[in-house]
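K.L.:
Following this message is one structure expressed as C-alpha cells.
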Amino acid sequence: MKSSENSVVTSKDLKEREPLKIILAEDDRDDQELFMEALSATKVPSEVITVENGKELVDTLKDTSESKPDIVFIDINMPVKGGKEALAEIKSDQKLKEIPAVMLSTSDHPSDIEDTFNNGANLYIQKPSSFNGFIVILKKVFLLHWTKALLNPVRNIFFVSEKNISRKD
C-alpha cells in the first residue's frame, strides 16, 4: 500500500487500484452479510475474507501462504478470542502491526474506545443501525479516513458512528 501524508484519495483513485484485500472478523452471519452488501454498494473494489473469531483472524494473518490484507475489520465481541485480544496480538507482532485495524462494535462505551485506541487500532466504528448508515460509514472510511486516520490515528477522528458523520461527506 502506498501512502503520502498530503495525498487525498478519491473514488476514482480507488476504482483504478487493485482491489483492496480486506479481512472481516465477525461471528454474526447477518452482520457479515450486511457488511458485504454495504461494501459492495460503496463501489470500492475489494476482495473480502471472513473469519468468525479472533483466533481465526490471527491465524489467517500469520499464514505465510496468504498475502497481507490492506485492512482488517474486527468485531469486538467474538467467541474463542475477542476483538480486543486479537488486536493486542496483531499490534504486538512485528510482521503484522502495520496492518490498519478498524474495530467494529455496537458499543460506544468510552472504555472500549479508549482501550482499542491505546492498543493500536486505527479506527473504531460503532455499528450503524441501518444499511444506508453502513454505506455512509464505509465510504467515509475508504474515501476520507484512508490517508488520515488509517495511516496515522488521531484521537478526535478515531470514533465513527452514524451520529457523528454527515451524509454529505
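The values are calculated or read from the model by the stated rules, or taken from the named source; none is laboratory data. Just so you know, these numbers come straight off a predicted model, no measurement behind them. Every residue, glycine as well, gets a Cβ built from its backbone with ideal geometry; the counts of neighbours run over all protein chains shown. Protein only, heavy atoms only, side chains kept; ligands, DNA and RNA dropped before computing areas. Shrake-Rupley method; radii C 1.70, N 1.55, O 1.52, S 1.80 Å.
K.L.:
Among the residues of the range 80-104, write down those that are open to solvent by less than 30 Å² (accessible area, probe 1.4 Å) and more than 11 Å from the chain's Cα centre (by Cα).
P.N.:
Pass one, the range 80-104, residues open to solvent by less than 30 Å² (accessible area, probe 1.4 Å): 82-83, 86-87, 90, 96, 99-104.
Those that are open to solvent by less than 30 Å² (accessible area, probe 1.4 Å) and more than 11 Å from the chain's Cα centre (by Cα): Gly82, Gly83, Ala86, Leu87, Ile90, Leu96.
K.L.:
Here is a check on your reading of the model: is Asp108 more than 20 Å from Ile22 (Cα to Cα), over 12 Å from the mean Cα position of the chain (by Cα), among the acidic types (Asp, Glu) and open to solvent by 40 Å² or more (accessible area, probe 1.4 Å)?
P.N.:
Here the answer is yes, as Asp108 does meet what is asked.
K.L.:
Is at least one residue of the range 113-121 farther than 14 Å from Asp27 by Cβ, open to solvent by less than 10 Å² (accessible area, probe 1.4 Å) and either touching a residue at least 24 places away in the same chain (Cβ under 8 Å) or under 13 Å from the mean Cα position of the chain (by Cα) (or both)?
P.N.:
Quick first cut of the range 113-121, residues farther than 14 Å from Asp27 by Cβ only: 113-121.
Checking which are open to solvent by less than 10 Å² (accessible area, probe 1.4 Å) leaves us with 116, 121.
Subsequent filtering for residues that are either touching a residue at least 24 places away in the same chain (Cβ under 8 Å) or under 13 Å from the mean Cα position of the chain (by Cα) (or both) retains 116, 121.
Yes, that holds for at least one residue.
K.L.:
Collect the residues in the range 92-105 that are touching a strand residue (DSSP E or B) at 6+ places or on another chain (Cβ under 7 Å) and either aliphatic (A, V, I, L, M) or free of Cβ contacts under 8 Å to residues at least 24 places away in the same chain (or both), keeping them in residue-number order.
P.N.:
Ile99, Ala101, Val102, Met103, Leu104
K.L.:
I've got another one for you. Name the pairs whose Cβ atoms lie under 8 Å apart, with the first residue in the range 47-62 and over 22 Å from Pro19 (Cβ atoms), the second assigned to a strand (DSSP E or B), and 6 or more positions between them or separate chains?
P.N.:
Within 8 Å, the pairs are Glu52/Ala25; Asn53/Ala25; Gly54/Ala25; Gly54/Ile74.
K.L.:
Only one of Phe131, Phe73 is in contact (Cβ under 8 Å) with a residue 40 or more places away in the chain, in contact with a strand residue (DSSP E or B) (Cβ under 8 Å, 6 or more places away or on another chain) and hydrophobic (A, V, I, L, M, F, W, C); which? Quick ask: steps written out before the conclusion?
P.N.:
Working: Phe131 fails: in contact with a strand residue (DSSP E or B) (Cβ under 8 Å, 6 or more places away or on another chain).
Only one candidate passes the filter, namely Phe73.
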